[in-house]
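Reading through the C-alpha coordinates given below for one structure.
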Amino acid sequence: MFNVKTIKIIILSFILIFMATQSKSETKVAFIQMDILINESSAGKSLIEELNKIDKKNKKRFKETKEKLDKEKNDITLKKDILSKEEYEKQIIKLNDKFRSFQAEAQKSAESLKAKRNAGMQKILKEINILLSEYSKKNELTFIIDQKNIIIGKSDLNITKEILKSLK
(Lines give C-alpha, C1' and ligand atoms only; values in the text may rest on other atoms or scores of the structure.)
Protein backbone atom coordinates (compact mmCIF):
# COMPACT_ATOMS: atom_id res chain seq x y z
CA MET A 1 0.00 0.00 0.00
CA PHE A 2 0.84 3.63 -0.20
CA ASN A 3 2.26 5.21 2.83
CA VAL A 4 1.12 8.59 4.13
CA LYS A 5 4.20 10.39 2.84
CA THR A 6 3.57 9.28 -0.75
CA ILE A 7 -0.10 10.37 -0.57
CA LYS A 8 0.92 13.80 0.74
CA ILE A 9 3.42 14.21 -2.12
CA ILE A 10 0.78 13.26 -4.72
CA ILE A 11 -1.83 15.66 -3.26
CA LEU A 12 0.74 18.47 -3.00
CA SER A 13 1.77 17.87 -6.64
CA PHE A 14 -1.85 18.13 -7.79
CA ILE A 15 -2.36 21.36 -5.86
CA LEU A 16 0.81 22.90 -7.29
CA ILE A 17 -0.08 21.90 -10.85
CA PHE A 18 -3.61 23.24 -10.42
CA MET A 19 -2.39 26.57 -9.03
CA ALA A 20 0.21 26.96 -11.79
CA THR A 21 -2.41 26.53 -14.50
CA GLN A 22 -4.78 28.88 -12.70
CA SER A 23 -2.29 31.73 -12.55
CA LYS A 24 -1.46 31.46 -16.26
CA SER A 25 -5.09 31.49 -17.33
CA GLU A 26 -5.87 34.90 -15.85
CA THR A 27 -7.97 36.88 -18.30
CA LYS A 28 -8.26 40.65 -18.17
CA VAL A 29 -11.35 42.07 -19.82
CA ALA A 30 -12.57 45.60 -20.40
CA PHE A 31 -15.47 47.01 -22.34
CA ILE A 32 -16.18 50.17 -24.25
CA GLN A 33 -19.18 51.95 -25.72
CA MET A 34 -18.26 52.28 -29.40
CA ASP A 35 -21.25 54.51 -30.16
CA ILE A 36 -20.09 57.04 -27.57
CA LEU A 37 -16.49 56.88 -28.85
CA ILE A 38 -17.65 57.57 -32.39
CA ASN A 39 -20.23 60.24 -31.55
CA GLU A 40 -18.20 62.09 -28.90
CA SER A 41 -14.77 62.04 -30.51
CA SER A 42 -13.74 65.16 -32.40
CA ALA A 43 -13.39 63.19 -35.63
CA GLY A 44 -16.81 61.61 -35.14
CA LYS A 45 -18.46 64.93 -34.35
CA SER A 46 -16.82 66.51 -37.39
CA LEU A 47 -17.97 63.67 -39.67
CA ILE A 48 -21.54 63.78 -38.36
CA GLU A 49 -21.67 67.56 -38.73
CA GLU A 50 -20.33 67.41 -42.29
CA LEU A 51 -22.77 64.66 -43.28
CA ASN A 52 -25.70 66.57 -41.76
CA LYS A 53 -24.76 69.71 -43.72
CA ILE A 54 -24.57 67.78 -46.98
CA ASP A 55 -27.84 65.98 -46.25
CA LYS A 56 -29.63 69.22 -45.37
CA LYS A 57 -28.32 70.89 -48.53
CA ASN A 58 -29.42 67.92 -50.67
CA LYS A 59 -32.87 67.82 -49.10
CA LYS A 60 -33.37 71.53 -49.75
CA ARG A 61 -32.22 71.21 -53.36
CA PHE A 62 -34.41 68.16 -54.01
CA LYS A 63 -37.41 69.75 -52.36
CA GLU A 64 -37.08 72.80 -54.64
CA THR A 65 -36.68 70.59 -57.71
CA LYS A 66 -39.68 68.48 -56.75
CA GLU A 67 -41.81 71.57 -56.22
CA LYS A 68 -40.73 72.87 -59.65
CA LEU A 69 -41.63 69.53 -61.28
CA ASP A 70 -44.99 69.42 -59.47
CA LYS A 71 -45.74 72.95 -60.69
CA GLU A 72 -44.82 71.94 -64.22
CA LYS A 73 -47.08 68.91 -63.95
CA ASN A 74 -49.99 71.09 -62.79
CA ASP A 75 -49.37 73.52 -65.67
CA ILE A 76 -49.45 70.68 -68.19
CA THR A 77 -52.63 69.31 -66.61
CA LEU A 78 -54.29 72.72 -66.85
CA LYS A 79 -53.32 72.99 -70.54
CA LYS A 80 -54.63 69.51 -71.36
CA ASP A 81 -57.75 70.84 -73.08
CA ILE A 82 -55.87 73.58 -74.92
CA LEU A 83 -53.01 71.44 -76.30
CA SER A 84 -53.32 68.93 -79.09
CA LYS A 85 -53.15 65.30 -78.07
CA GLU A 86 -49.68 64.84 -79.58
CA GLU A 87 -48.30 67.99 -77.94
CA TYR A 88 -49.80 66.99 -74.60
CA GLU A 89 -48.22 63.51 -74.79
CA LYS A 90 -44.84 65.05 -75.75
CA GLN A 91 -44.93 67.28 -72.69
CA ILE A 92 -45.98 64.37 -70.45
CA ILE A 93 -43.10 62.25 -71.81
CA LYS A 94 -40.68 65.15 -71.27
CA LEU A 95 -41.96 65.63 -67.71
CA ASN A 96 -41.66 61.90 -66.97
CA ASP A 97 -38.06 62.00 -68.19
CA LYS A 98 -37.39 64.91 -65.83
CA PHE A 99 -38.95 62.95 -62.93
CA ARG A 100 -36.81 59.88 -63.72
CA SER A 101 -33.72 62.08 -63.92
CA PHE A 102 -34.68 63.69 -60.60
CA GLN A 103 -35.12 60.29 -58.95
CA ALA A 104 -31.81 59.00 -60.34
CA GLU A 105 -30.01 62.12 -59.09
CA ALA A 106 -31.60 61.77 -55.65
CA GLN A 107 -30.58 58.11 -55.46
CA LYS A 108 -27.05 58.92 -56.64
CA SER A 109 -26.80 61.66 -54.03
CA ALA A 110 -28.00 59.31 -51.27
CA GLU A 111 -25.48 56.67 -52.32
CA SER A 112 -22.70 59.26 -52.39
CA LEU A 113 -23.61 60.40 -48.87
CA LYS A 114 -23.66 56.79 -47.69
CA ALA A 115 -20.24 56.16 -49.26
CA LYS A 116 -18.82 59.28 -47.55
CA ARG A 117 -20.28 58.12 -44.24
CA ASN A 118 -18.80 54.64 -44.63
CA ALA A 119 -15.37 55.97 -45.63
CA GLY A 120 -15.36 58.40 -42.70
CA MET A 121 -16.45 55.69 -40.27
CA GLN A 122 -13.72 53.36 -41.53
CA LYS A 123 -11.09 56.03 -40.83
CA ILE A 124 -12.48 56.68 -37.36
CA LEU A 125 -12.71 52.96 -36.54
CA LYS A 126 -9.16 52.43 -37.76
CA GLU A 127 -7.91 55.14 -35.38
CA ILE A 128 -9.98 53.73 -32.52
CA ASN A 129 -8.65 50.22 -33.16
CA ILE A 130 -5.04 51.48 -33.10
CA LEU A 131 -5.72 53.28 -29.83
CA LEU A 132 -7.45 50.24 -28.33
CA SER A 133 -4.59 48.00 -29.38
CA GLU A 134 -2.06 50.27 -27.68
CA TYR A 135 -4.24 50.54 -24.57
CA SER A 136 -4.65 46.76 -24.48
CA LYS A 137 -0.89 46.17 -24.67
CA LYS A 138 -0.15 48.84 -22.08
CA ASN A 139 -2.70 47.50 -19.60
CA GLU A 140 -2.20 43.81 -20.48
CA LEU A 141 -5.83 43.27 -21.45
CA THR A 142 -6.91 40.02 -23.06
CA PHE A 143 -10.21 41.33 -24.44
CA ILE A 144 -11.87 44.66 -25.12
CA ILE A 145 -15.54 44.13 -25.88
CA ASP A 146 -18.22 46.51 -27.14
CA GLN A 147 -20.74 47.13 -24.36
CA LYS A 148 -23.76 46.39 -26.56
CA ASN A 149 -22.56 42.77 -26.63
CA ILE A 150 -22.52 42.56 -22.81
CA ILE A 151 -25.55 41.87 -20.67
CA ILE A 152 -24.03 42.51 -17.24
CA GLY A 153 -20.61 43.81 -16.27
CA LYS A 154 -18.84 45.77 -13.58
CA SER A 155 -18.87 49.47 -14.31
CA ASP A 156 -15.19 49.75 -13.38
CA LEU A 157 -14.37 47.60 -16.44
CA ASN A 158 -15.76 50.32 -18.73
CA ILE A 159 -12.80 52.14 -20.32
CA THR A 160 -14.82 54.39 -22.63
CA LYS A 161 -13.93 57.63 -20.84
CA GLU A 162 -10.22 56.84 -20.81
CA ILE A 163 -10.18 56.04 -24.53
CA LEU A 164 -12.31 59.12 -25.30
CA LYS A 165 -9.76 61.34 -23.55
CA SER A 166 -7.06 59.89 -25.81
CA LEU A 167 -9.19 60.48 -28.92
CA LYS A 168 -9.80 64.18 -28.30
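The values are calculated or read from the model by the stated rules, or taken from the named source; none is laboratory data. Treat the numbers as computed from the prediction; the structure is a model and nothing was measured. When we count neighbours, we look across all protein chains shown, and the Cβ atoms used for this are built from the backbone with ideal geometry, even at glycine. When the accessible area is computed, the model is the full protein with side chains, heavy atoms only, and any ligands, DNA or RNA have been set aside. Shrake-Rupley method; radii C 1.70, N 1.55, O 1.52, S 1.80 Å.
Scan segment 73-83 for residues that are open to solvent by less than 60 Å² (accessible area, probe 1.4 Å) and out of contact with any helix residue (DSSP H, G or I) (no Cβ under 6 Å at 6 or more places or on another chain) and jot them down. Give the steps one after another, and end with the answer.
Keep residues of segment 73-83 that are open to solvent by less than 60 Å² (accessible area, probe 1.4 Å), which gives 76, 83.
The one that is open to solvent by less than 60 Å² (accessible area, probe 1.4 Å) and out of contact with any helix residue (DSSP H, G or I) (no Cβ under 6 Å at 6 or more places or on another chain): 83.
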Scanning segment 97-128 residue by residue, the ones that are of a type outside the set (Gly, Ala, Ser) and open to solvent by less than 90 Å² (accessible area, probe 1.4 Å) total 11
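So which residues in segment 129-154 are open to solvent by 100 Å² or more (accessible area, probe 1.4 Å), assigned to a helix (DSSP H, G or I) and not basic (Lys, Arg), if there are any at all? If you could, list the steps in order and put the result at the bottom.
To start, the set of residues in segment 129-154 that are open to solvent by 100 Å² or more (accessible area, probe 1.4 Å) comprises 134, 137-138, 140, 143, 148-149, 151-152, 154.
This time we only want the ones that are assigned to a helix (DSSP H, G or I), so: 134, 137-138, 148-149.
134, 149 - these are the residues of segment 129-154 that are open to solvent by 100 Å² or more (accessible area, probe 1.4 Å), assigned to a helix (DSSP H, G or I) and not basic (Lys, Arg).
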Just to verify a result, which residue in segment 37-58, among those that are part of a helix (DSSP H, G or I) and among the small types (Gly, Ala, Ser), is least open to solvent (accessible area, probe 1.4 Å)? 44
Only one of (1) modelled with pLDDT of 80 or more; (2) more than 30 Å from residue 147 (Cβ to Cβ); (3) basic (Lys, Arg) is not met by residue 5, so which one is it? (1)
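From the list 134, 49, 127, 162, which one is within 22 Å of residue 37 (Cβ to Cβ), touching a residue at least 60 places away in the same chain (Cβ under 8 Å) and of a type outside the set (A, V, I, L, M, F, W, C)? Give the steps one after another, and end with the answer.
Details: 134 fails: touching a residue at least 60 places away in the same chain (Cβ under 8 Å); 49 fails: touching a residue at least 60 places away in the same chain (Cβ under 8 Å); 162 fails: touching a residue at least 60 places away in the same chain (Cβ under 8 Å).
The conditions single out 127.
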